[in-house]
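Here's the structure we're looking at; comments come further down.
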């Protein structure tokens, strides 16, 4: 469910790359004029002309006088949190609940617990204050379905009144005064000339109408539910996991309404805590990001019953894009560590490959090793094993391979998973993979051990005449090129520094030594690359002197892994930390990494900035490097999201001078969860905040 | 599959209200310039900008130079028949096969026969004349999927190469030179820089590419297939019948390609016959209408295995709209009489009701009786029992009830079914329904037997304050109002005249007498209503003097039922025939029922004309009243369909002064099948033409 942008720009749908572009009706009869209605402004009147296709000569006598008008903007007040979105207008309060809740590991959980966490429905509440009213007023909720194939329809089962499109999207309520109707015009449902006309299913607008007696405040609960009966994916055929818990749309409607209070229980405590702790702008930002993340999530099941966790890449809908997984991992590890394990296993089992590597402008190839694909497919189609939907040979920019970065991402995610869960069994199962991953990373440094400097110098032969890129694919060379990239170099250092411990535990002493020595080489290369001023070049040794904030990104991994000594000012990598600290200081003090509004500019040479990465770097800057919270920047970043050209797309990542041109409707903003981290036990503190008192369910694996 | 309109205006889809608006690529490499291609003009370049969403700063190196251009209009030659649609351009010939074939009764047929008739796929052929070529040339077929939820994907199973969207639409071939690819640009598939880039599933354009050696003519067969795994309908849950014959899209692709020659066998003989018999304009018109009819057809199965036949109402997608069934019955009875029985049974079992009736402007009600709903639902949602999706209380125009007309339609369809099949068992099963139907029709004449005149005078109380309408719902009073309507009166007469025989056979002597006397009363009322000139008023006795061609419509039923004596110039209703003949003559001779281009104007007071009804009335005028074939009118009617504003919608019915404003993408044009009728045995002659030599499968029930 997407809504909040004016007009028919939101709606109910699954699997789309953006809002469904449906009208949503949330309204109330006026207090003084019976038969006149006010609505939140999420609708337009386009369906009125649909009737003209039937009435060729315009002889109509079926049309109703317009009686629904939007509330004026000044009368509307909105509060957006992580799990509540509340709209007040006149005597109407509308609340949408999207609880933040842990999903128990499906391999061990009881079905009842899974149902509560996975029911494909959202609880909505309408509260009407009719205490001063002199007559019973109608309140209503509805939408105009956008499914091109099927009509809207009203129905009843037992106490439940519903309206929806086919069996795929529906709203329902148990309120005893409720009735449902479909029509071209909502007016024809609110005030039907004859009640038997309420099932006019040629019209594509459906409403649920309830009554609030004079002199009362009344709250009515609704559910908005989703059901995809069809297999969810091709390539690898799967179904939505909820189909193993609920047999039909009707079951989802019934369950969600009967368990509504349990479903929404966590909402208010969390939102109260967040707004008290983070303040209005950050709590709204985080809430916005979490909702967009949930909107991209997809939990599947193979015909053999195996669970598959997928986060779609927003408007691009690529599945489990690995360079998003690595940024979203803090949110997932705090809530559901098993999903991280699930995704890492999917990469090992189906989306890994072994390659060779080569220097630029040379045909000589050298052994590369294990690495991973950029993603697992797109728009519900799983790519063939070992292939992403995205990566193409022969390119040096967008759509090229990310072999080295995804290898790094697998190592970093594995290390974070292991440090958080201490899942010894998984470590053992993946011993050879961890070993292969390390060897592969070293092979991408230099084939001659003597010439290694810790930093990637060779591209995968899969690139053919092209060259590898990074997650900043659409940015210029300062962040886009993988080879010798500063951002990637610091992440590479974090890989080596973190994997050492796990290799040692697994008895791989030689490889652990190799990791440590590579970490030192890498740190030294970075430190040595600083210029006289203290600035680090965006691409080391290739004359690309752009200044980039994400130089510091790699510091996050030791910090979150609880290895504070690796990033402390007096630890073994104090030089690296000091160098990065100095670099960041220069980025800001020289002004090259700021937009005029105070927003952060990730690269001095590009207008393209990534909000998710900004949130991540803010957390490093504040929590590790002890820079003060930059409220002016927070305001600027929030204003980008709320810009009239951007807010239609919910949360978006890439901002070209404040305008969303790509990575819209996107999940990666949950890096903002790091704002909640406590330095001593960052993931544990986030988990405690999100889940209230998690001690009862403290088992992480 | 809809195509033929320029641009991305056709495509592959099911259940839509119009074309899928996809690009279709049908092309060939040029003979002199390798790497340059010519295509039929059914595409545009909109996908090129889709890549921009990924490449925010426009750093692209993935783009291909444009190398595909449409053939010029002058180089394209098209031949449209009932089952072949052939496009020639340069060295390319593209043929689409839509065989006209009888579907055996599913209750008794062998699965293999049902598979051949019901496989949800169309055979397409590309023939390339490369005899003068000096290099092997690529030919290709493809499309850009419009499913909002799922991506395009290429795949292979065994010898089969396919590309499609999810598992719902796909094209495939067994040609051994074929390869498949997906991309933003077709150029990237035709000439990939690296072959491993062919599975770039971010792009939504998919092609199948084959090679034609120099010096050869080569024909490659393709299939275009459709599969809906989801339940087909709500309200009453059903699945597509073909799911009982084929388990998956892959099975459909495989079966249709391996049986392609059998599938297309009937095509050429039929089209050759039609163009030789009817001439170019009428054979193209009939072919166009049949394709649109097939596009609206839908064969379903209940969970209990019961078959349900549905014709959707074109862009409106109402299911089995009864006032269309009665016009399409000639085509269905000739091909598949069991489908008519199936639809009539559905109406009796679920879509009938008993009502009361009343005179206009009076609250006094009288017994009405059995009647039938306008339709069974809309856009794959079955309405509740006894309810249509369309009819509403309180109206006098569009969306009002058609209780009397649908009652008449059930009687007429039953009589035609019985006279054609002599299905005694069905007659006996429906004895009480036939009796109730007659009583109900008489009750709508007048509650006082003495005051009856054979014509409907009372409206159903379901109308409440409204009044009944006819199938000409969006026309003015001249054809829109049911009560005392001349068009409906002649159909009413046909009901009475035809049902008598069946009631008599069933031993219902008294009712048979009643029917005969009502027929006489009705005929007399019509004859008496003529004015001094001989013109009949559109509404009898209500001062509506519009002149309408469909006055003669009712004559078709006795004629097709083989009861020629009822419509002969010297039979018991010679007066009625002479009156109608005179009326029609005046309609034309005075010019009030002509458009300036020579097209027929159904009502002198409306610009809105129905092509299906024109074809029907043409057949009566030519075959029964012996008017000459009106070639100028045929040309005008064809030109309406081919008008640039209209032809996008395939075959359309309602034409407002030659422009399609409603009833577009419509099935009802198969009334043109009556052009083929032989006066002695009209349905038998049509059946023989459509099925070649039907003697082998002559059993009609």
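Structural remarks
- Three-way shape label, segment A:517-573, alpha-carbon gyration tensor, a/c 1.5: prolate
- Rounded FRET efficiency, nearest 0.05, which uses the C-beta distance separating residue A:450 from residue A:569 and R0 of 22 Å: 0.10
- Value of Rg to Rh for segment B:480-622, rounded to two decimals, is 0.99; Kirkwood radius and Rg both from alpha-carbon coordinates.
- Segment residue A:74-residue A:532, length gained on full extension (0.36 nm per residue, minus Cα span): 159.3 nm
- The relative contact order of chain B comes to 11 percent, based on Cα pairs under 8 Å that sit 6 or more residues apart.
- R0 of 51 Å, Cβ-Cβ distance residue B:244-residue A:193: FRET efficiency to nearest 0.05: 0.70
- Inter-centroid distance (Cα atoms) of segment A:580-628 relative to segment B:79-117, Å: 65
- Simple spin-label estimate for residue B:36 and residue B:214 gives 1.8 nm between the two label positions (7 Å along the Cα-to-Cβ direction from each Cα).
- A:617, A:404 arranged by Cβ crowding within 10 Å, fewest neighbours leading: A:617, A:404
- Overall form of segment A:131-201 per C-alpha gyration tensor (a/c, 1.5; a/b vs b/c): prolate
- Put a dot 7 Å past the Cα of residue B:504, heading toward its Cβ, do the same for residue A:643, and the two dots end up 8.4 nm apart.
- Calculated Rg and Dmax of segment B:184-243 using C-alpha coordinates, Å: 18.7, 59
- Taking every alpha-carbon pair in segment A:277-374 and binning the separations at 10 Å intervals from zero gives 13, 36, 27, 16, 8, 1 percent.
- Residue exposure sequence - B:6, A:632 - by fewest surrounding Cβ within 10 Å: A:632, B:6
- Label point at residue B:632 placed 7 Å out along Cα→Cβ; residues across segment B:585-622 whose backbone nitrogen lies under 18 Å: B:585-602, B:618, B:622
- Cβ-to-Cβ counts within 10 Å put B:33, A:387 in ascending order as B:33, A:387, the fewest first.
- Inter-centroid distance (Cα atoms) of segment A:339-416 relative to segment A:128-188, Å: 48
- Other copies of residue B:513: label-to-label distances in nm, shortest first, labels 7 Å along the beta-carbon direction: 11.8
- Shape call, segment A:47-176: gyration tensor on alpha carbons, a/c limit 1.5: oblate
- Between segment B:242-270 and segment A:1-54, the alpha-carbon center distance in angstrom: 44
- Gain on full stretching of the segment that runs from residue A:136 to residue A:159 - 0.36 nm per residue minus C-alpha separation: 6.1 nm
- Relative to the other identical copies, residue B:386 shows label-point distances of 6.6 nm, where the label point lies 7 Å from Cα along the Cβ direction and values run shortest first.
- Proportion of all alpha-carbon pairs of chain A beyond 43 Å (%): 28
- If the Kirkwood radius is taken over C-alpha pairs of segment A:1-107, then at 20 °C and 1.002 mPa s the Stokes-Einstein diffusion coefficient equals 130 µm²/s.
- Each other copy holds its own label point for residue B:67; taking that point as 7 Å from Cα along Cα to Cβ, the gaps run 6.5 nm, nearest first.
- Residue closest to axis [chain A; rotation mapping onto B; Cβ; Å]: A:230, 2
- With viscosity 1.567 mPa s and temperature 4 °C, the Kirkwood radius over alpha carbon pairs of the protein assembly as shown converts through Stokes-Einstein to a diffusion coefficient of 37 µm²/s.
- Spin-label model, residue A:679/residue B:657: points 7 Å from Cα along the beta carbon direction are separated by 8.1 nm.
- Estimated translational diffusion coefficient (Stokes-Einstein, Kirkwood radius over Cα pairs, 10 °C, 1.306 mPa s) of segment B:440-559: 107 µm² per second.
Throughout, read-outs are computed from the coordinates displayed, never taken from laboratory work. Keep in mind that what you see is a predicted model, and the values were worked out from it rather than measured. All Cβ positions, even for glycine, are placed from backbone atoms using ideal geometry, and neighbour counts span all protein chains on display.
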